[in-house]
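Participant: Input: one structure, supplied below.
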Amino acid sequence: MKQYGRETRFVCLFLVSIVYACSGEKSSPQKVAQISSAEVSQSAATGCDASLWNHVYSPRRLQQLASCVSVTGTIDESNVDADGDQHFLLKLDPGQDTLVNKRNDKKKSGDIVLEIVCANPTTMKKPGAVCAGYTNSVAVLPVGAHVRATGTYVLDTHNGWVEIHPVSKLEKM
């Protein structure tokens, strides 16, 4: 009987270890879904260009959380992705911190990711087709600019963080 008790304890400990290991830092859609609709609706906006989704490379990786939101903050970083998108990290103004998740906190220093699709020439073959013949007219503003970004609020399921992607408007404030 004692042998059975040891095995039971071992199996329980093993299962607890698996659950703990699987709870890692990457955000799941369920965790992101915990952001209340009231929090997202505070940022709800109009003026998003749905046709920009025709130019998003690999759109299936992006889970739409809200079709159109606006956020404000300061551009902390800007770089060109190989897929031709202009990638920004935006330090949100106070009161919007609920729009980022733990993965943004850990991997992006609490910033939200912004992506202007087809803002630059692509250096990859695969995404070239989505930008072929199209150049985005959304302004690329400099690091340090205080801006309002409007676009689709998504969870990047490959990376676990939330983004505004595609950005429909980026305006200096």
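Participant: Under a 1.4 angstrom probe, counting protein chains only, how are Arg148, Arg61 ranked by accessible area, largest first?
Facilitator: The ranking, largest first, comes out as Arg148, Arg61.
Participant: Checking the a/c ratio against 1.5 first, then a/b against b/c, what shape does the Cα gyration tensor give for segment 52-173?
Facilitator: Working: a/c = 1.71, a/b = 1.35, b/c = 1.27.
Prolate, because a/c is 1.5 or more and a/b exceeds b/c.
Participant: Please count, across segment 37-173, the pairs of lysine residues with Cα atoms under 24 Å apart that sit 8 or more places apart or on different chains.
Facilitator: Values: Lys91/Lys102; Lys91/Lys106; Lys91/Lys107; Lys91/Lys108; Lys91/Lys169; Lys91/Lys172; Lys108/Lys169; Lys108/Lys172.
Within segment 37-173, the lysine pair count is 8.
Participant: Let me ask another. Taking Cα pairs under 8 Å and at least six residues apart, what relative contact order does segment 32-173 come out at, in percent?
Facilitator: Numbers: 324 pairs, mean separation 43.8, N = 142.
Reported as a whole number, the value is 31 percent.
The values are calculated or read from the model by the stated rules, or taken from the named source; none is laboratory data. Note that the coordinates shown come from a computational prediction; the quantities given were computed from them, not determined experimentally. Note: accessible area is taken over every heavy atom of the protein model, side chains too, but ligands, DNA and RNA are not part of it. Shrake-Rupley method; radii C 1.70, N 1.55, O 1.52, S 1.80 Å.
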